[in-house]
There are 2 protein chains.
Amino acid sequence: MHFTAETSSNGVVERDFTVGEVTGVLWSPASAPEHTPLVLMGHGGGQDKKSPGVLARARPLVTTLGFSVAAIDLPGHGDRPPTAADYYHWSDLQQARAVGESIGPVVVRYSAELAERAVPEWQMALDALQELPEIGTAHPVGYSGAMLSTAIGVRLMAVDPRITAGVFRCFFSSESLLEAAGRVTAPIQLLLQWHDTDIDRQDGLALFDAFASKEKTLHANAGGHHQVPEFEADSTARFFARHLGQAGT
Amino acid sequence: MHFTAETSSNGVVERDFTVGEVTGVLWSPASAPEHTPLVLMGHGGGQDKKSPGVLARARPLVTTLGFSVAAIDLPGHGDRPPTAADYYHWSDLQQARAVGESIGPVVVRYSAELAERAVPEWQMALDALQELPEIGTAHPVGYSGAMLSTAIGVRLMAVDPRITAGVFRCFFSSESLLEAAGRVTAPIQLLLQWHDTDIDRQDGLALFDAFASKEKTLHANAGGHHQVPEFEADSTARFFARHLGQAGT
């Protein structure tokens with residue numbers, strides 16, 4: 001892991017890093033005790049590791065809970081050049097949109113293929129992050145996913161027992177995603193928008209049902225796809241505080 | 001309103017009261033500022049105003065938020081003698097249980113009839129409570145219901161605009177309850193147990209769907225009917241803090 005840039009503002013230290021071909025960023029509290037809990041944060045499709053949505057979810061975890069938060073660019077996103085496979089999926093996506101078809105089937109194929117690349121990348125990044133003295137392996141690790149990164153994160157949690165708490169958003173249903181959810185046993189919290197016209201409500205309920213977690217909570221809120229209430233950020237922070245403990249403890 | 005007894009322990013003043021034939025209890029912070037927010041708290045079937053479940057939900061609202069909390073006995077419960085109507089429904093209930101039938105249809109009939117008596121009683125109690133200087137009318141009022149008292153509280157909120165935030169549990173579905181929920185526009189939070197073998201999951205989802213509230217949140221948790229996670233008490237407190245404001249402000 002190589003740190004390539006460092007800035008600091010309002011009590012948060014931001015360090016860009018690379019690990020192999022993967023570009024990422026690590027946010028830590030400026031006054032970090034050794035061994036903070038770590039949350040891995042996924043970005044949505046077409047976004048990147050520093051998109052506003054990622055920053056908004058990351059900041060309170062650092063400033064309020066004293067956690068470290070890491071985000072990496074998905075393949076073909078942010079600072080990472082797209083491959084032929086990425087262009088292939090994006091072209092399918094454009095075509096579905098152009099003819100007014102649901103993008104669901106394309107996104108399902110794309111996200112499953114993307115996960116095959118991104119899951120090992122996350123594991124490699126996590127290996128490197130846990131070698132840092134300020135993180136270490138003493139604390140459990142959480143994962144927080146937006147939409148596309150729910151499809152990644154569920155599959156990541158299914159194979160990596162280091163991640164012991166996850167917050168996800170509903171996503172297009174597929175046999176492969178439900179199968180992965182069925183192998184997740186750690187506590188999860190799932191956000192569903194009740195009047196979402198992009199993701200079918202039944203897809204969200206099926207995903208929630210599929211998790212094997214003994215503790216799982218669905219937060220369904222009135223409103224459309226982009227209308228997740230602000231109070232859910234607080235709720236996510238409390239979920240992670242409950243499961244990952246406090247920094248320095 | 002007549003106060004009939006007063007005790008105090010651990011920062012909570014408990015005052016029993018009667019208003020007309022209705023017996024109730026009011027919990028207030030010992031160091032109460034004038035005009036605290038008020039939460040009306042309903043008890044479940046066969047329970048009463050001081051059942052452990054009611055106390056468990058009431059205490060944090062008083063001690064942590066500085067709210068006042070009032071509970072009244074439903075007709076035929078606690079200190080209130082049952083009427084012929086109550087015996088009639090209870091006999092139906094026993095019979096359904098004896099032959100192993102679902103108690104749903106009986107409880108639906110019972111709760112609808114009970115609400116016809118209990119809703120005006122709650123309104124009368126609220127009139128009296130708002131005349132107390134420590135409560136007044138400056139703060140909004142919330143309602144927190146267990147199962148049977150969800151059936152009461154939804155109908156109460158449908159007709160009483162003083163109640164501006166409600167927390168409910170899922171209940172057996174009926175046209176009359178869904179119709180009442182469709183007249184509730186204030187923010188609500190609804191608890192559903194995902195593996196509940198008493199209340200059908202679809203009944204809970206239909207109730208959530210029916211609320212006309214612009215802000216409504218469903219918290220579905222893994223586990224059976226009696227396995228509501230402890231962290232939901234904290235979540236309920238935060239919901240009320242958000243909507244009813246802080247004591248003394």
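A short reminder: the numbers here are calculations on the coordinates, not readings from a lab. Keep in mind that this is a model prediction, so the values were computed, not measured. As a convention, Cβ positions derive from the backbone with ideal geometry for all residues, glycine included, and neighbour counts pool all protein chains shown.
Some observations on this one:
Quick grid of which residues meet (1) hydrophobic (A, V, I, L, M, F, W, C); (2) assigned to a loop (DSSP other than H, G, I, E, B); (3) touching a Lys or Arg at 6+ places or on another chain (Cβ under 7 Å):
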residue	(1), (2), (3)
B:TYR143	no, no, no
B:LEU148	yes, no, no
B:MET157	yes, no, no
B:VAL167	yes, no, no
B:SER176	no, no, no
B:ALA180	yes, no, yes
B:VAL184	yes, yes, no
B:GLN189	no, no, no
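- Some residue of the stretch A:204-218 being of a type in the set (Phe, Trp, Tyr) and under 16 Å from the mean Cα position of the chain (by Cα): no
- Unique residue being within 16 Å of A:ILE135 (Cα to Cα) and surrounded by 13 or more Cβ atoms within 10 Å (Cβ to Cβ) when the list is A:PRO29, A:PRO75: A:PRO29
- Just so you know, in the stretch B:228-241 the residues that are facing another protein chain (nearest Cβ under 8 Å) and either more than 24 Å from A:ARG242 (Cβ to Cβ) or touching a residue at least 12 places away in the same chain (Cβ under 8 Å) (or both) include one that is surrounded by the most Cβ atoms within 10 Å (Cβ to Cβ), and it is B:SER235.
- Selection within the stretch A:16-32 - farther than 17 Å from A:ALA56 by Cα and not polar (S, T, N, Q): A:ASP16, A:PHE17, A:VAL19, A:GLY20, A:GLU21, A:VAL22, A:ALA30, A:ALA32
- Residue selection: A:PHE171 satisfies the criterion of being within 18 Å of A:GLY42 (Cα to Cα), assigned to a loop (DSSP other than H, G, I, E, B), touching a Ser or Thr at 6+ places or on another chain (Cβ under 9 Å) and more than 12 Å from chain B (Cβ to nearest Cβ).
- Restricting attention to the stretch A:106-149, the residues being closer than 17 Å to A:SER176 by Cα and either in contact with a strand residue (DSSP E or B) (Cβ under 7 Å, 6 or more places away or on another chain) or touching a residue at least 12 places away in the same chain (Cβ under 8 Å) (or both) number 16.
- For the stretch B:195-227, the candidate set comprises residues that are buried (at least 19 other Cβ atoms within 10 Å of the Cβ) and in a loop (DSSP other than H, G, I, E, B); within that set, the residue that is farthest from the other protein chains (Cβ to nearest Cβ) is B:ILE199.
- Just one of the listed residues (A:LEU156, A:LEU177, A:LEU148, A:LEU192) is surrounded by fewer than 23 Cβ atoms within 10 Å (Cβ to Cβ) and among the aliphatic types (A, V, I, L, M), namely A:LEU192.
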